[in-house]
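Reading through the structure tokens given below for one structure.
The values are calculated or read from the model by the stated rules, or taken from the named source; none is laboratory data. No experiment lies behind these values; they were computed from the predicted model shown. So basically every Cβ, Gly included, is an ideal-geometry build from the backbone, and we count neighbours across all protein chains shown. In case anyone asks, the SASA skips ligands and DNA or RNA and just uses the protein heavy atoms, side chains included. Shrake-Rupley method; radii C 1.70, N 1.55, O 1.52, S 1.80 Å.
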Amino acid sequence: MNAPSKSAQTLKWQALSRDHHLAPFSDYKQLGENGPRIITKAEGVYLWDSEGHKILDGMAGLWCVAVGYGREELVQAASKQMRELPFYNTFFQTAHPPVLELAQAISELAPEGMNHVFFTGSGSEGNDTMLRLVRHYWALKGKPEKKVIIGRLNGYHGSTVAGASLGGMKAMHEQGDLPIPGIVHIAQPYWFGEGGDMTPEAFGIWAAEELEKKILEVGQDKVAAFIAEPIQGAGGVIVPPDSYWPKVREILAKYEILFVADEVICGFGRTGEWFGSDYYGNKPDLMTIAKGLTSGYIPMGGLIVSDEVFETVNAGGDFNHGFTYSGHPVAAAVGLENIRILREEKILEKVREETAPYLQKRLRELADHPLVGEVRGVGMLGAIELVKDKATRARFPGEVSAGMVCRGHCFENGLIMRAVGDTMIISPALVISKEEIDELVTKARLCLDLTARDILG
Ligand code: PXG
């Protein structure tokens, strides 16, 4: 099929991309040859590109546009704040109303005993802050040798040096000598990909016990913290077996180690609860946040810390850390308004009781497709595993990228679904309606059919 010709304007923008723009996680040569799709506007759960195509955004931007596109209240909150006080810092004994009110609002939503927030510009910066704060905390406790942080292979915690090191993405570690010292990784609880002959339950216990093994190997006196996403997002929407978190909690209770929940994706309603930790009944000491905090309308991240961590740090003089945009007033005003919308429109209740169960039910109908080995998900997160053999969970050989073929068809058919290897993932806006879910699933099935036609013949 010949690609339809592109408008002169699209070609102009694509030339700018090729000549000047270094896009994140991109192969520049390939991007230069094909040109990026240029997204020009959005409303609700839909995007439009510069060629006028309407696209159902199954990824809420990049896991972040919780309340959907086009919310005028967020625009108003930003413009009002920009007029009043577009910027002031929160260093040197100063603050401003939006940052204080947002810190309070987040404390109200966070699990009990987590009442203090450090703001950053992104999730990555939140995790960098975590690493520095956790080591500072242990030093203040008289245990400066407790420095090592345990993360998980295929976890994602951002792209800064600390974020990429805490994460367990092989391709990221391969560039630039990562991880930095003092960060180690254990296996992920990815039963479908790595569970072999074990039952999901047995595999969940095995994966949790890897944490205990690592603590003992490194030495309890050297381990500062364990960091994990409640549900891995970028790794492929990996929902751990039911046995995993209870066993991890049991292990953490035995050792003197801080528990960090990276809530950048799960936070602010994606599971139907305010935080993924609430969904699983986990009790973290620190939680990284970003994305859904402002629905992505403006960058903002942060780190929520427990009262105990706060009190220790509080007794320790200056915490020598901060960003120009820590608690940026415009971002804070948008965050506050976003939380107001989530609360007043009872969006989490609707997700929990109505739309997420519907999405999960409809998605699971795809499990009968010849290419599909598993459909899983929680709340507004879903994954579809593409396999060569449903019974053995065998993948297609290396030269066939079923995920990329499927993603290409989604692209052509007005649906954004991400491919992580051969795992297709979705994370739509929390406000997606049942009708829009129907459209998403219908398009996903069509794209699976087209993918099967291409690779099965
Ligand atoms: N933690 C988690 C769990 C994330 O998902 C970050 C930290 C870093 O946040 P910032 O704001 O610094 O990007 C993230 C970000 C993908 C993808 O391909 C996922 C993220 C970012 C970019 C791409 O799924 N998540």
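Here's the yes/no breakdown for (1) part of a helix (DSSP H, G or I); (2) among the β-branched types (Val, Ile, Thr):
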{"residue": "VAL405", "(1), (2)": "yes, yes"}
{"residue": "CYS410", "(1), (2)": "yes, no"}
{"residue": "ALA419", "(1), (2)": "no, no"}
{"residue": "VAL431", "(1), (2)": "no, yes"}
{"residue": "GLU436", "(1), (2)": "yes, no"}
{"residue": "VAL441", "(1), (2)": "yes, yes"}
{"residue": "LEU446", "(1), (2)": "yes, no"}
{"residue": "ASP449", "(1), (2)": "yes, no"}
{"residue": "ARG453", "(1), (2)": "yes, no"}
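Write out, first by first residue and then by second, each pair whose Cβ atoms fall under 8 Å of each other, whose residues are 6+ apart or on separate chains, and whose first residue, in the stretch 122-148, is farther than 22 Å from TYR297 by Cα while the second is of a type in the set (Ser, Thr, Tyr).
Close Cβ pairs (under 8 Å, with a partner that is of a type in the set (Ser, Thr, Tyr)) amount to ASP128/THR120; ASP128/THR160; THR129/THR120; MET130/THR288; TYR137/THR312; LEU140/THR312; LYS141/THR312.
Which is touching a Ser or Thr at 6+ places or on another chain (Cβ under 6 Å) and in a loop (DSSP other than H, G, I, E, B), of THR94, THR90, THR40? Steps first, answer last, please.
Values: THR94 fails: touching a Ser or Thr at 6+ places or on another chain (Cβ under 6 Å); THR40 fails: in a loop (DSSP other than H, G, I, E, B).
THR90 is the lone residue from the list that is touching a Ser or Thr at 6+ places or on another chain (Cβ under 6 Å) and in a loop (DSSP other than H, G, I, E, B).
Does at least one position in the stretch 54-62 carry a residue that is exposed (fewer than 14 other Cβ atoms within 10 Å of the Cβ), outside the structural domain of VAL309 (by TED's automatic domain parsing), out of contact with any Lys or Arg (no Cβ under 7 Å at 6 or more places or on another chain) and within 29 Å of ALA383 (Cβ to Cβ)?
yes
What are the residues in the stretch 274-323 that are farther than 15 Å from SER107 by Cα, within 16 Å of the ligand (Cβ to nearest atom) and in a loop (DSSP other than H, G, I, E, B), if any? Can you show your working first?
Step one: list which residues in the stretch 274-323 are farther than 15 Å from SER107 by Cα, which gives 276, 279-282, 291-292, 294-300, 311-323.
If we keep only those that are within 16 Å of the ligand (Cβ to nearest atom) as well, we get 276, 279-280, 282, 291-292, 294-300, 323.
Result: ASN282, THR294, SER295, GLY296, TYR297, ILE298, PRO299, MET300, PHE323.
With the stretch 97-202 as the region, which helices (runs of 4 or more DSSP H) entirely inside it contain at least 2 residues that are more than 16 Å from the ligand (Cβ to nearest atom)?
Values: elements: 97-109, 123-140, 161-166, 170-173, 191-194.
In the stretch 97-202, 97-109, 123-140, 191-194 are the helices (runs of 4 or more DSSP H) which contain 2 or more residues that are more than 16 Å from the ligand (Cβ to nearest atom).
Given the residues ARG362, ARG340, which is the only one that is buried (at least 17 other Cβ atoms within 10 Å of the Cβ) and part of a helix (DSSP H, G or I)?
From the options ARG362, ARG340, the qualifying one is ARG362.
Looking at SER165, SER124, which is the one that is open to solvent by less than 10 Å² (accessible area, probe 1.4 Å) and among the hydroxyl-bearing types (Ser, Thr, Tyr)?
Values: SER124 fails: open to solvent by less than 10 Å² (accessible area, probe 1.4 Å).
After ruling out the rest, the residue left standing is SER165.
State which residue pairs qualify: first residue hydroxyl-bearing (Ser, Thr, Tyr) and inside the stretch 158-174, second residue more than 12 Å from the ligand (Cβ to nearest atom) and open to solvent by 30 Å² or more (accessible area, probe 1.4 Å) in any location, beta carbons under 7 Å apart, and separation of 6 or more residues or different chains.
Going by the 7 Å Cβ cut-off, the qualifying pairs are SER165/LEU178; SER165/PRO179; SER165/ILE180.
For the stretch 421-450, enumerate the residues that are of a type outside the set (Gly, Ala, Ser) and within 22 Å of TYR190 (Cβ to Cβ). Write out each step before concluding.
The first filter runs over the stretch 421-450 and keeps only residues of a type outside the set (Gly, Ala, Ser), leaving 422-426, 428, 430-432, 434-443, 445-450.
If the condition is that a residue be of a type outside the set (Gly, Ala, Ser) and within 22 Å of TYR190 (Cβ to Cβ), then ASP422, THR423, MET424, ILE425, ILE426, LEU448 are the ones that fit.
Can you find a residue in the stretch 8-26 that is touching a Ser or Thr at 6+ places or on another chain (Cβ under 7 Å), polar (S, T, N, Q) and more than 16 Å from the ligand (Cβ to nearest atom)?
The answer is yes, given that some residue of the stretch 8-26 is touching a Ser or Thr at 6+ places or on another chain (Cβ under 7 Å), polar (S, T, N, Q) and more than 16 Å from the ligand (Cβ to nearest atom).
Looking at ILE384, ILE298, which is the one that is outside the structural domain of TRP63 (by TED's automatic domain parsing), of a type in the set (A, V, I, L, M) and within 23 Å of the chain's Cα centre (by Cα)?
Numbers: ILE384 fails: outside the structural domain of TRP63 (by TED's automatic domain parsing).
Only one candidate passes the filter, namely ILE298.
In this structure, does ASP49 turn out to be acidic (Asp, Glu) and in contact (Cβ under 8 Å) with a residue 60 or more places away in the chain? Talk me through it step by step, then tell me what you get.
Values: acidic (Asp, Glu): yes; in contact (Cβ under 8 Å) with a residue 60 or more places away in the chain: no.
The answer is no for ASP49.
Please specify each residue of the stretch 242-273 satisfying the condition of being more than 29 Å from ALA429 (Cβ to Cβ) and either in contact with a Gly (Cβ under 6 Å, 6 or more places away or on another chain) or part of a helix (DSSP H, G or I) (or both). Talk me through it step by step, then tell me what you get.
As a first pass, look at the stretch 242-273 and keep what is more than 29 Å from ALA429 (Cβ to Cβ): 243, 246-259.
If the condition is that a residue be more than 29 Å from ALA429 (Cβ to Cβ) and either in contact with a Gly (Cβ under 6 Å, 6 or more places away or on another chain) or part of a helix (DSSP H, G or I) (or both), then SER243, PRO246, LYS247, VAL248, ARG249, GLU250, ILE251, LEU252, ALA253, LYS254 are the ones that fit.
Can you find a residue that is within 20 Å of ILE341 (Cβ to Cβ) and assigned to a loop (DSSP other than H, G, I, E, B) anywhere in the stretch 71-86?
Restricting attention to the stretch 71-86, the residues satisfying the condition of being within 20 Å of ILE341 (Cβ to Cβ) are 71-82.
Keeping just the survivors that are assigned to a loop (DSSP other than H, G, I, E, B) gives 71.
Yes, because at least one residue in the stretch 71-86 is within 20 Å of ILE341 (Cβ to Cβ) and assigned to a loop (DSSP other than H, G, I, E, B).
Need the failing condition index for PRO200 against (1) crowded, with 24+ Cβ neighbours inside 10 Å; (2) under 30 Å from ARG395 (Cβ atoms), just the number.
(1)
Got at least one residue in the stretch 214-229 being in a loop (DSSP other than H, G, I, E, B), small (Gly, Ala, Ser) and within 16 Å of the ligand (Cβ to nearest atom)? Quick ask: steps written out before the conclusion?
Applying the first criterion (in a loop (DSSP other than H, G, I, E, B)) to the stretch 214-229 yields 219-222, 229.
Still in the running and small (Gly, Ala, Ser): 219.
Applying the additional criterion that residues be within 16 Å of the ligand (Cβ to nearest atom) yields none.
Taking every residue of the stretch 214-229 in turn, none turns out to be in a loop (DSSP other than H, G, I, E, B), small (Gly, Ala, Ser) and within 16 Å of the ligand (Cβ to nearest atom).
Which numbered condition trips up CYS64, out of (1) within 16 Å of the ligand (Cβ to nearest atom); (2) out of contact with any Asp or Glu (no Cβ under 6 Å at 6 or more places or on another chain); (3) of a type outside the set (Val, Ile, Thr); (4) closer than 21 Å to ILE257 by Cα?
Unmet condition: (4).
What number of residues in the stretch 398-452 are among the charged types (D, E, K, R), open to solvent by 50 Å² or more (accessible area, probe 1.4 Å) and within 16 Å of the ligand (Cβ to nearest atom)?
Here the count works out to 2.
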